[in-house]
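**Q** Handing you a structure now.
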Amino acid sequence: MPEVVPREATPGGLRPRRRLLWVALLLLVLALLGVLVFLAAEYEEVRDQSALEADAEALSSDIRSALVRNVQTLQSLYSLAASPGAWSAPAGEVLAEHREMVRLEWRDNARALIAHRDTPYLADLFSYLDRSQALPDMRQACDNAQRSSGPSYSPSYFWPMNGGLGLELMDMCLPVVRNGKPAGFLVVTYSLPGLLAELGNRTLLRGRGLAFVDTDGTRLALYSSVAGNRRTQTARALLDLPGHTLLLRLESPRIGTGAAFGLLPNVLTAVVGALSLALLAVLGLLGRDMRLRQRAEHELGDALAFRKAMENSLVTGLRARDMSGRITYVNPAFCQMVGLPPEKLIGTGLPAPWWPPELVDEYQQRQAVRLAGQTLPREGYESVFQRSDGTRFPVLIIEAPLIDAQGTQTGFMSAILDLSEQRRIEDLNRASQERLQATARLATVGEMASLLSHELNQPLAAIASYASGTLNLLDEPPGASGPAMPQGELRQAMQRIGEQAERAGRVIKSVADFVRRREQVREAVAPASLIDAILPLLGLQAKKQGIRVHTQIAPGCPPVLCDRTMVEQVLLNLARNGVQAMPANDPPAASGLRVLTLAVNRTRLHASDDDEAAASGSPPRKVWVEFAVTDHGHGLSEAVRQQLFTPFFTTKAEGMGLGLSLCRTVIEQHGGALTHEPAQPRGTVFRFTLPAA
């Protein structure tokens with residue numbers, strides 16, 4: 001019998017399966033080649049598109065830069081030609097050099113035309129329609145330029161010309177300023193085709209199409225175009241100008257569209273080899289990435305340890321909260337500040353355990369405002385905290401948004417400063433300053449004791465004289481036929497006694513009010529009242545040295561907001577220094593300069609700014625009152641002026657050297673300034689300012 005061969009073992013049975021395998025392999029190779037060709041074509045298209053978009057952005061940037069240079073040219077044009085007659089010639093030169101400009105105008109603050117020049121390249125541009133048809137757009141641009149103090153562009157508009165033609169135009173308005181005041185506007189009218197032709201990079205435009213288009217695709221201006229039967233790529237870029245935005249469209253023909261089908265036959269081998277090399281490179285990069293990751297982990301651990309040590313060494317409390325107000329982090333300084341451990345703080349919400357009970361409602365409202373997005377300024381705000389033992393202390397809280405790596409706000413980060421020690425030092429400084437002021441006042445009274453005794457002797461002697469005369473009148477017995485007791489003379493004598501007693505009381509009261517130590521209370525005080533309070537004390541020394549005290553108070557001078565006693569001390573100290581600067585007979589009495597002048601005037605800081613604010617309707621700046629004490633002594637030398645306000649520096653044999661230093665401190669505490677300058681024809685003027693009430 002013949003041998004029976006199984007059907008599956010025959011070569012004919014294996015061929016279909018091999019053919020199928022070869023077909024499958026071929027299909028896979030073809031699919032791979034097709035995918036490679038497709039990816040290559042897509043890559044080229046994306047690359048060309050990216051390059052085209054980059055060129056469009058470059059063209060937009062070039063046009064924007066050229067417009068900025070044009071603004072600088074116009075500014076220099078106005079600075080060189082300030083009059084309409086001198087402006088016309090250089091304006092024509094600018095138009096001749098810049099073909100994109102079709103008209104230059106100089107308008108005043110009311111947008112009225114002062115002078116203008118048209119481009120020599122389009123002589124009949126404004127012959128078909130009058131220029132006034134475009135004034136609304138120009139006025140809108142000038143209003144925007146005035147608000148922003150810079151150039152502003154109007155929306156583009158179509159301007160018809162003779163013969164059914166027309167151009168797309170755009171106005172740019174530039175405010176001009178001379179000597180700090182508005183002097184009108186420079187208006188330049190641009191041609192959109194001119195912008196494309198003159199300001200674009202012609203190297204980039206070779207063989208390409210460039211146009212300005214509207215948002216709906218309407219073409220506004222065209223410089224060049226691409227043949228419609230060719231495949232094109234399109235890129236758009238925004239030309240963002242102040243006041244208006246234009247859309248720039250760049251077209252480029254597709255090149256090399258058939259090159260993808262001319263690949264070499266060994267591309268699959270090259271791809272496999274490239275993939276093998278890429279796999280090795282990836283393995284190498286993976287090993288390098290692992291080493292870098294390990295190094296980064298070590299560095300991160302060191303950074304965390306460093307940050308932890310730094311946070312533990314801080315005396316400033318740090319606190320982090322999420323958007324709902326729950327605490328997510330506290331540092332040891334904050335825990336020590338409030339007297340609670342971290343486990344009792346982290347995770348807690350509102351109300352906070354360190355809030356005083358009576359302030360919970362106020363703090364709740366403040367936190368609600370902050371969590372709603374109305375964050376407080378970065379300079380911080382003051383508050384009061386309560387420790388776990390019930391003691392309270394002032395704090396300064398500075399908060400900032402807590403931003404994660406993705407740029408999202410996840411909460412608030414707070415820095416808390418304990419102000420207890422600062423408040424204690426401020427109280428000590430304030431008490432020390434008050435003691436120094438009291439010492440200075442007592443020293444002043446001690447120096448004036450002899451003069452007070454002389455001044456009080458006069459009213460007391462007058463009182464004794466009038467009293468003796470009154471007793472004589474009372475002791476005289478009335479005669480049988482003599483005149484009756486003179487009632488009028490008795491009344492006049494008693495009135496004189498009362499006047500002299502009141503005069504002595506005023507002198508003593510002024511000294512007592514000056515020496516008495518009290519709390520600083522600021523009140524509205526009339527300048528005349530301050531000067532009247534020191535005149536009895538100042539008159540003693542001035543009269544003794546033959547010096548006349550002259551006061552000048554400007555009409556309508558407002559009252560000042562000050563501590564009355566402290567300002568009186570400043571006035572008296574400066575006035576006594578002025579009296580002492582003019583010794584006996586120097587200057588001579590015949591010169592008319594033995595006068596000490598106390599002047600009060602109303603002033604404003606930055607008066608020009610106030611005038612502009614008043615013209616615009618906004619409230620003026622703060623009003624100040626200036627006090628000036630003028631003497632006609634020898635003046636101050638350069639060495640004395642350099643150390644004049646130095647504590648314990650004095651030119652007097654018995655002086656303490658604290659007077660002027662305390663005076664400057666008092667004035668600066670009121671927000672003013674104490675200065676000095678030479679007086680004419682000789683002497684010195686001391687000036688200080690106080691805020692008006």
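The values are calculated or read from the model by the stated rules, or taken from the named source; none is laboratory data. Just so it is clear, the model here is predicted, and its values are computed rather than measured. Positions of Cβ are backbone-derived with ideal geometry, glycine not excepted, and every protein chain shown enters the neighbour counts.
**Q** Residue check, residue 394 against (1) surrounded by fewer than 14 Cβ atoms within 10 Å (Cβ to Cβ); (2) modelled with pLDDT of 75 or more, all met but one. Which one?
**A** Of everything listed in (1) surrounded by fewer than 14 Cβ atoms within 10 Å (Cβ to Cβ); (2) modelled with pLDDT of 75 or more, residue 394 misses just condition (1).
**Q** Has region 177-191 got at least one residue that is under 16 Å from residue 117 (Cβ atoms) and surrounded by fewer than 19 Cβ atoms within 10 Å (Cβ to Cβ)?
**A** No - not one qualifying residue is present in region 177-191.
**Q** Here's a check for you: in region 112-167, which residue that is among the basic types (Lys, Arg) and touching a residue at least 24 places away in the same chain (Cβ under 8 Å) is nearest to residue 93 (Cα to Cα)?
**A** Per the criteria, the residue is 117.
**Q** Taking residue 652 as meeting all but one of (1) modelled with pLDDT of 70 or more; (2) farther than 27 Å from residue 543 by Cα, write down the number of the exception.
**A** Going through the list (1) modelled with pLDDT of 70 or more; (2) farther than 27 Å from residue 543 by Cα, residue 652 breaks only (2).
**Q** Only residues that are under 21 Å from residue 398 (Cβ atoms) and either loosely packed, with under 13 Cβ neighbours inside 10 Å or among the hydroxyl-bearing types (Ser, Thr, Tyr) (or both): list them for region 354-368, please.
**A** 362, 363, 365, 368
**Q** What's the total number of residues in region 113-147 that are of a type in the set (Val, Ile, Thr) and not in a loop (DSSP other than H, G, I, E, B)?
**A** 1
**Q** Just to be sure, is residue 612 at pLDDT 85 or above, acidic (Asp, Glu), in the same structural domain as residue 526 (by TED's automatic domain parsing) and under 39 Å from the mean Cα position of the chain (by Cα)?
**A** Taking the combined requirement at face value, the residue does not satisfy it.
**Q** Let me ask something else. For the subset of region 192-216 comprising residues that are of a type outside the set (A, V, I, L, M) and closer than 18 Å to residue 158 by Cβ, which member is surrounded by the fewest Cβ atoms within 10 Å (Cβ to Cβ)?
**A** For region 192-216, the residue satisfying everything is 216.
**Q** Next question, about the same structure. Restricting to region 200-239, and then to whatever is among the hydrophobic types (A, V, I, L, M, F, W, C) and assigned to a loop (DSSP other than H, G, I, E, B), can you tell me which residue is farthest from the chain's Cα centre (by Cα)?
**A** Of everything passing the filter in region 200-239, 227 is farthest from the chain's Cα centre (by Cα).
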